[in-house]
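Below is one structure, written out as structure tokens; comments come after it.
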Amino acid sequence: MKKILVLNGPNLNLLGTREPSQYGTRTLADVEALCRDTAQRLGYAVDFFQSNWEGALIDKIHEYGRLHQEGEVVGCVFNPGALTHTSVALHDAIKGVAGLPVIECHISNIHAREPFRHQSWVSPVAAGIVMGFGVDGYAVAIEALARRAGHPDKAFPG
């Protein structure tokens, strides 16, 4: 079964308790369950990873770029957290593994927040962006990767 990587950056391990008025009360475990259920419904497996360390995220992007080239991975849903606004290294990692579709995903609408959050270093190298739909945006991003992978009959059921 082909895989989708769901990658989460700094502080996302605090979901459910960190600023619930901004991010809601669902935990990262809830997000993982949502992602696994969505992917399974579409015929994919999920590898779920969170780190507060930029280098660990870069290593995962490199690893899954290789797995994508080998045909094992259809893409990545990536919520880089605050690194969205600061990390040229993440930008370069995604660009460096050209071919791995990365959907940038944010729980909140970063453009409706503080001005320093309006800049994303990930957006220019992302295949698409989902933001402002709460944690349900992860499911939307997974469905988009399934559609992009050539299974439109399985994506966006309705």
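Bear in mind that the values in this text are calculations on the coordinates, not laboratory data. Keep in mind that what you see is a predicted model, and the values were worked out from it rather than measured. Neighbour counts are summed over all protein chains in view; Cβ atoms, including those assigned to glycine, are modelled from backbone coordinates with ideal geometry.
Summary table
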| read-out | value |
| --- | --- |
| Mean-position separation - Cα centroids, region 33-64 and region 130-146, in angstrom | 13 Å |
| Percentage relative contact order, region 3-148, counting C-alpha pairs under 8 Å, at least six apart | 28 percent |
| Size of electric dipole in the chain: Cβ of Lys, Arg +1 and of Asp, Glu -1, about Cα centre, debye, nearest 20 | 220 debye |
| Dipole-positive endmost among Thr25, Gly65, Asn109 within region 3-148 (Cβ charges, Cα centre) | Asn109 |
| Whichever aspartates and glutamates have a C-alpha closer than 13 Å to that of Lys2, once near sequence neighbours (fewer than 8 apart) are set aside | Asp47, Glu70, Glu72 |
| Modelled FRET efficiency - R0 22 Å, Ala89 with Asn109, Cβ distances, 0.05 increments | 0.35 |
| Surface/4 estimate of mean projected area, convex hull on alpha-carbon atoms of region 3-148, nm² | 7.5 nm² |
| Ratio of the Cα radius of gyration of region 1-81 to 2.2 N^0.38 Å, where N counts its residues | 1.14 |
